[in-house]
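Remarks on the structure that follows.
The values are calculated or read from the model by the stated rules, or taken from the named source; none is laboratory data. This one's a predicted model, so the numbers in the text were calculated from it and none came from an experiment. Glycine also receives a Cβ, built like all others from the backbone with ideal geometry; neighbour counts cover every protein chain displayed. Surface accessibility is based on the protein's heavy atoms, side chains included, excluding ligands, DNA and RNA. Shrake-Rupley method; radii C 1.70, N 1.55, O 1.52, S 1.80 Å.
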Amino acid sequence: MSTLDVARAELALAVLYLNKAEARDKICRAIQYGSKFLSNGEPGTAQSVDKSTSLARKVFRLFKFINDLHGLISPNAPGTPLPLILLGKSKNALLSTFLFLDQIVWLGRTGIYKNKERTELIGRISLFCWMGSSICSTLVELGELGRLSASRKKLDKELMNTDKYKNEKYRVKLQQSNERSLALIKAGMDIVVAVGLLQLAPKKVTPRVTGAFGFVTSLISCYQLLPSPQKAKTP
């Protein structure tokens, strides 16, 4: 391929990526939490960027609660243990509730809904729902990693006298394990972000800590949304 063909291919992937509302939301999220890290809760330009970007992101999430509502009523993969099913459904329910309540918060922040006290209360309830969904996600990923580990050990025994990395099934399991590990890190860090936004431990989880953790999880989310060919090229 010529240099021009490579450039076209890369631009096509970039267009495909940026056409996703979810990708644009996560890029804005990185800007939001990067600004929070820089401001450390102090008034100024960085805090203004944090607040305005936070409000702008809510538009991307309008009616997004339907996605998790669909996940809540969708059947699970065959063979999934009941505890993981319940945790997964709890995560869907909590995240859907968060996204629904977040729309009311957006109405309040834009001045359409006039009750400021109730808006703040709904905002806190929605954040508790998000924190609950992150806790459920963490537990689900831990459970799935345990299942993958047991499956890989079984494959190790079957492929004892061969090069297991040439086995397609083993490579798929390894990739799934890596993806689950990354999702676990993200979910665990998002719990800290929720604690920071709710100010449950203001001395330990400061706005700067919240911003740092939120920025990292935003970058992870951006990576997870990359098209497959680009993921293969990413070191």
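A few comments on the model shown:
- For the chain, the longest principal axis of the Cα atoms and the long axis of helix 21-39 meet at an angle of about 60 degrees.
- Taking all protein chains together and a 1.4 Å probe, the residues Ile112, Ile73 rank Ile73, Ile112 from largest to smallest accessible area.
- Net length gained if the chain between Ile66 and Glu120 were fully extended (0.36 nm per residue, minus Cα distance): 17.1 nm
- For Met131, Met160, the ranking by accessible surface with the largest value first comes to Met160, Met131, using a 1.4 Å probe.
- Angle of helix 45-60 to the longest C-alpha principal axis of the chain, folded into 0 to 90 degrees and rounded to 10: 70°.
- Mean Cα-pair separation over length for the range 121-224, i.e. relative contact order, pairs under 8 Å, 6 or more apart, %: 33
- Our summary gives the chain a relative contact order of 27 percent, counting only alpha carbon pairs under 8 angstrom and 6 or more residues apart.
- Cα centroid separation - the range 1-41 against the range 85-115, whole Å: 26
- Shape class of the range 3-66 from the Cα gyration tensor (axes a ≥ b ≥ c, square roots of the eigenvalues): oblate, since a/c reaches 1.5 or more and a/b does not exceed b/c.
- The 3J(HN,Hα) values that the Karplus relation (6.51, -1.76, 1.60; θ = phi - 60°) gives for the range 70-86 are, in residue order, 5, x, 5, 9, 7, x, 8, 5, x, x, 6, x, 4, x, 5, 4, 5 Hz. Gly and Pro appear as x.
- Prolate/oblate/rounded label for the range 1-108 (Cα gyration tensor, a/c 1.5): oblate
- Heavy atoms of Tyr33 accessible to a 1.4 Å probe, total area in Å² rounded to 10: 10
- Choice from Pro81, Pro43, Pro202 with maximal GNM fluctuation in the chain (Cα, 10 Å cutoff): Pro43
- Within the set [x] 16.8; [y] 15.2; [z] 13.3, the number that mean projected area of the Cα convex hull in nm² takes when calculated for this structure is listed as [x].
- Size of electric dipole in the range 108-234: Cβ of Lys, Arg +1 and of Asp, Glu -1, about Cα centre, debye, nearest 20: 80
- Backbone amide hydrogens, once placed in the peptide plane, bring Thr80 within less than 5 Å of nothing, excluding anything fewer than 5 places away on its chain.
- Gaussian network model of the chain, springs between alpha carbon atoms under 10 Å - residue of Lys203, Lys166, Lys26 with greatest fluctuation: Lys166
- Comparing Phe60, Phe215, Phe128 in a Gaussian network model of the chain (Cα springs below 10 Å), the most mobile by mean-square fluctuation is Phe60.
- Listed by chain and number, the lysines whose alpha-carbon sits under 22 Å from that of Lys114, ignoring those within fewer than 8 places in the same chain, are Lys51, Lys58.
- Label point 7 Å beyond Cα of Leu182 along Cβ direction - residues of the range 205-221 with amide nitrogen under 18 Å: 214-221
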